[in-house]
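Visitor: Quick one: this structure, given as structure tokens, is what I'll be asking you about.
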Amino acid sequence: MLASTVHADTTPTDLRTAAEQAVRAQYGTAGSRVVIVPTPLNARLHLAACNHPLQTHLPMREGTPSRVAVSVSCAGTPGWTIQVPVQMQVFRNVLVTNHPLARGDMLGPGDVHAEERDVARLGYGYIESLDQILGHSLGRPLIAGVALEPGDFNGRETVHAGEEVQLVAQLDGIEVRARGMALDGGDTGARLRVRNDNSGRVINGVVIGDGQVQALP
């Protein structure tokens with residue numbers, strides 16, 4: 001809720017100013033730069049003068065929309081409420097690819113850079129820090145210059161395909177450990193295949209921790 005003092009007459013400019021202030025207060029969080037796209041109201045719009053501060057209300061919405069209708073109202077007598085459309089751009093620094101990337105890649109500092117983008121146009125979300133995708137691999141190839149989205153990534157991988165792991169097996173109550181190579185990747189609890197270095201056999205197992213796979217019976 002945001003209050004804005006008005007003069008004797010309630011003009012389209014008063015309405016627009018109150019609505020834009022409400023939008024900036026709602027979406028101008030730390031690190032954001034809000035740009036209002038001018039969309040003038042009908043100059044012939046006439047409303048009763050409001051001797052009280054205008055009240056504004058924004059609908060609760062997920063994400064950052066590019067357009068929002070702000071309810072601007074007067075609590076006086078007679079009172080009134082009008083919907084004021086506001087078009088906006090909300091710029092934040094997000095991670096953008098430096099070069100083409102392949103499916104399965106794990107991203108590092110050399111693969112991305114921070115760039116200011118209009119997040120109101122990134123309807124599927126965005127990534128601001130490598131910490132958000134730590135341990136996650138790309139689920140699809142990407143070209144250079146695109147903003148990273150959460151949906152671009154697979155689930156976090158505790159074990160990665162092609163890396164050496166410790167294979168743990170229980171034989172007659174005795175724990176046996178051997179080295180192997182993971183043929184698949186996955187997080188804790190995921191099932192995957194491991195090639196035993198000693199026997200060359202491919203064994204089905206379940207990830208139990210970083211670099212550790214429990215052999216399945």
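Visitor: Restricting attention to segment 75-85, and to residues there that are touching a residue at least 12 places away in the same chain (Cβ under 8 Å) and touching a Ser or Thr at 6+ places or on another chain (Cβ under 7 Å), which single residue is least open to solvent (accessible area, probe 1.4 Å)?
Guide: The qualifying residue least open to solvent (accessible area, probe 1.4 Å) is TRP80.
Visitor: Identify the residue in segment 190-217 that is open to solvent by 50 Å² or more (accessible area, probe 1.4 Å) and assigned to a loop (DSSP other than H, G, I, E, B) and, among all such residues, is nearest to THR158 (Cα to Cα).
Guide: Only one residue tops the list, namely ASP210.
Visitor: Continuing with this model, one more query. Would you mind listing the strands (runs of 3 or more DSSP E) fully within segment 1-110 where at least 2 residues are of a type in the set (A, V, I, L, M, F, W, C)?
Guide: 2-4, 33-37, 67-74, 80-97
Visitor: Starting from segment 90-108, take each residue that is within 15 Å of ALA144 (Cβ to Cβ) and list its partners that are open to solvent by less than 40 Å² (accessible area, probe 1.4 Å) and not aliphatic (A, V, I, L, M), counting only C-beta distances under 6 angstrom and pairs at least six apart or across chains.
Guide: These pairs meet every condition: ASN98/ASP111.
Visitor: So, in segment 155-189, how many residues would count as being open to solvent by less than 60 Å² (accessible area, probe 1.4 Å), part of a strand (DSSP E or B) and not hydrophobic (A, V, I, L, M, F, W, C)?
Guide: 3
Visitor: Another one. If you take the residues in segment 15-38 that are of a type in the set (Val, Ile, Thr) and within 27 Å of PRO78 (Cβ to Cβ), which one is least open to solvent (accessible area, probe 1.4 Å)? So that I can check it myself, show each step before the final result.
Guide: Here is the first cut: in segment 15-38, the residues of a type in the set (Val, Ile, Thr) are 17, 23, 29, 34-37.
Applying the additional criterion that residues be within 27 Å of PRO78 (Cβ to Cβ) yields 17, 23.
Values: THR17: 58, VAL23: 0 Å².
Per the stated criteria, the residue is VAL23.
Visitor: Follow-up. Please verify whether segment 89-99 includes one or more residues that are touching a helix residue (DSSP H, G or I) at 6+ places or on another chain (Cβ under 6 Å) and open to solvent by less than 20 Å² (accessible area, probe 1.4 Å).
Guide: Among the residues of segment 89-99, at least one is touching a helix residue (DSSP H, G or I) at 6+ places or on another chain (Cβ under 6 Å) and open to solvent by less than 20 Å² (accessible area, probe 1.4 Å), which makes the answer yes.
Visitor: I need a count of the residues in segment 39-72 that are crowded, with 17+ Cβ neighbours inside 10 Å, more than 17 Å from ARG121 (Cα to Cα) and of a type in the set (S, T, N, Q).
Guide: Counting residues in segment 39-72 that are crowded, with 17+ Cβ neighbours inside 10 Å, more than 17 Å from ARG121 (Cα to Cα) and of a type in the set (S, T, N, Q) gives 2.
Visitor: Residues of segment 120-146 being over 21 Å from ARG67 (Cα atoms) and in contact with an Asp or Glu (Cβ under 8 Å, 6 or more places away or on another chain), which ones?
Guide: Across segment 120-146, the qualifying residues are ILE127, GLY135, HIS136, SER137, LEU138, GLY139, ARG140, LEU142.
Visitor: Considering only residues that are at pLDDT 90 or above and more than 14 Å from the chain's Cα centre (by Cα), look in segment 121-154 and name the one that is most open to solvent (accessible area, probe 1.4 Å).
Guide: ILE143
Visitor: Also, I was wondering about something else. For segment 113-141, enumerate the residues that are assigned to a strand (DSSP E or B) and touching a helix residue (DSSP H, G or I) at 6+ places or on another chain (Cβ under 7 Å).
Guide: The one that is assigned to a strand (DSSP E or B) and touching a helix residue (DSSP H, G or I) at 6+ places or on another chain (Cβ under 7 Å): LEU138.
Visitor: So which pairs qualify, if the first residue must be in segment 36-54 and in contact (Cβ under 8 Å) with a residue 60 or more places away in the chain, the second must be open to solvent by 90 Å² or more (accessible area, probe 1.4 Å) and part of a loop (DSSP other than H, G, I, E, B), the Cβ gap must be under 7 Å, and the two must be at least 6 apart or on different chains?
Guide: Every condition considered, no pair remains.
Visitor: Is it fair to say LEU148 is touching a residue at least 12 places away in the same chain (Cβ under 8 Å) and touching a Lys or Arg at 6+ places or on another chain (Cβ under 9 Å)?
Guide: no
The values are calculated or read from the model by the stated rules, or taken from the named source; none is laboratory data. These numbers were taken from a predicted model, which means no experiment stands behind them. Counting neighbours? That spans all protein chains shown, and the Cβs are built from the backbone with ideal geometry, glycine included. These area figures cover heavy atoms from the full protein model, side chains too; ligands, DNA and RNA do not enter into them. Shrake-Rupley method; radii C 1.70, N 1.55, O 1.52, S 1.80 Å.
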